[in-house]
């Protein structure tokens with residue numbers, strides 16, 4: 001069933017949060033490099049969740065790592081830029097330490113990563129409070145230990161975790177609690193852009209639902225201004241994302257409003273991918289319509305993720321959150 005045409009909605013330039021241009025990444029170290037991401041471009045609007053989907057091995061996690069500037073050998077980003085907040089960040093990892101240091105300054109407060117296998121990302125030998133301090137100080141030396149812990153207490157409360165979690169070790173937390181702790185750490189500095197890599201993959205259904213609702217609430221409250229949600233779980237993306245980008249063999253083959261792609265895919269690969277995992281039901285279509293899906297990308301930009309209509313009563317930033325440094 002096709003989606004009924006909608007009137008074009010072209011956001012202003014100010015509605016664009018981030019744009020990635022010509023990102024190319026390879027895995028090297030052997031006799032021949034393997035190209036995992038091949039000249040990919042994406043755009044994301046303010047307050048948007050962009051779902052990045054594809055089968056295992058298509059390059060979506062590699063693209064997420066490249067955008068989050070955490071590529072380490074044997075992964076090398078050969079080229080590409082990330083434009084965000086009026087700045088252009090060179091994503092390349094092959095030009096020496098100066099560029100790597102510059103990239104690190106943008107991580108944490110500008111771009112942050114919610115890693116795949118996040119439940120295993122908590123050191124078994126550190127209390128959560130120590131991990132909070134170490135991570136925050138790595139990206140913003142101006143934040144004191146007490147300030148970092150105050151931020152963590154505020155965010156723990158928001159995610160319905162007791163403050164005593166700060167004194168816990170990983171083995172004392174359930175899987176869902178570990179995932180929320182990593183969300184706390186990943187968003188402490190109120191990143192403009194969060195890259196969430198398979199955040200629901202190791203969770204049961206109830207924990208998946210809770211995590212999705214938390215991410216939606218954090219975007220609503222502008223704790224982060226946008227999310228790239230990387231997963232092969234199309235049913236989840238059909239509920240949470242404003243737009244979808246379908247990836248195959250290192251390239252984006254189709255992108256558009258979630259409802260449109262779910263109900264009327266154009267590319268053969270997208271059709272096969274959807275038919276293998278997802279039956280677009282009337283409930284899914286109604287849910288997408290209720291959340292304001294279907295806006296068009298900026299004029300002349302086929303890969304754009306446009307801004308969701310403003311929500312009344314949503315604060316510009318989460319009350320009590322630390323103001324982001326320029």
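The values are calculated or read from the model by the stated rules, or taken from the named source; none is laboratory data. Computed from a prediction, not measured in an experiment: that's the story for all the values here. Cβ sites come from the backbone with ideal geometry, for glycine too, and all protein chains shown count toward neighbours.
Out of all the residues in the range 153-170, which are closer than 19 Å to residue 190 by Cα, part of a loop (DSSP other than H, G, I, E, B) and in contact with a helix residue (DSSP H, G or I) (Cβ under 7 Å, 6 or more places away or on another chain)?
Across the range 153-170, the qualifying residues are 159, 161.
I need a count of the residues in the range 101-122 that are modelled with pLDDT of 90 or more and in a loop (DSSP other than H, G, I, E, B).
Within the range 101-122, residues that are modelled with pLDDT of 90 or more and in a loop (DSSP other than H, G, I, E, B) number 1.
Test residue 129 against the stated conditions and say whether it is closer than 12 Å to residue 184 by Cβ and surrounded by 13 or more Cβ atoms within 10 Å (Cβ to Cβ). So that I can check it myself, show each step before the final result.
On the way: closer than 12 Å to residue 184 by Cβ: yes; surrounded by 13 or more Cβ atoms within 10 Å (Cβ to Cβ): yes.
For residue 129, the condition - closer than 12 Å to residue 184 by Cβ and surrounded by 13 or more Cβ atoms within 10 Å (Cβ to Cβ) - is met.
Tell me whether the range 226-236 contains one or more residues that are surrounded by fewer than 21 Cβ atoms within 10 Å (Cβ to Cβ) and within 17 Å of residue 112 (Cβ to Cβ).
no
Scan the range 210-224 and give yes if some residue there is more than 26 Å from residue 166 (Cα to Cα), in a loop (DSSP other than H, G, I, E, B), touching a strand residue (DSSP E or B) at 6+ places or on another chain (Cβ under 6 Å) and at pLDDT 90 or above, otherwise no.
No, every residue in the range 210-224 fails to be more than 26 Å from residue 166 (Cα to Cα), in a loop (DSSP other than H, G, I, E, B), touching a strand residue (DSSP E or B) at 6+ places or on another chain (Cβ under 6 Å) and at pLDDT 90 or above.
Condition check ((1) surrounded by fewer than 18 Cβ atoms within 10 Å (Cβ to Cβ); (2) free of Cβ contacts under 8 Å to residues at least 40 places away in the same chain; (3) farther than 20 Å from residue 16 by Cβ) across all residues:
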| residue | (1), (2), (3) |
| --- | --- |
| 240 | no, no, yes |
| 249 | yes, no, yes |
| 252 | no, no, no |
| 256 | no, no, no |
| 274 | no, no, yes |
| 277 | yes, no, yes |
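What about residue 140, is it closer than 25 Å to residue 17 by Cα and over 18 Å from the mean Cα position of the chain (by Cα)?
Details: closer than 25 Å to residue 17 by Cα: yes; over 18 Å from the mean Cα position of the chain (by Cα): yes.
Yes; evaluated as a whole, the condition is true for this residue.
Just to be sure I understand the filter: pairs with C-beta atoms under 9 Å, separated by 6 or more residues or on different chains, first member in the range 127-153 and touching a residue at least 60 places away in the same chain (Cβ under 8 Å), second member loosely packed, with under 14 Cβ neighbours inside 10 Å. Which pairs pass?
140/325; 142/325
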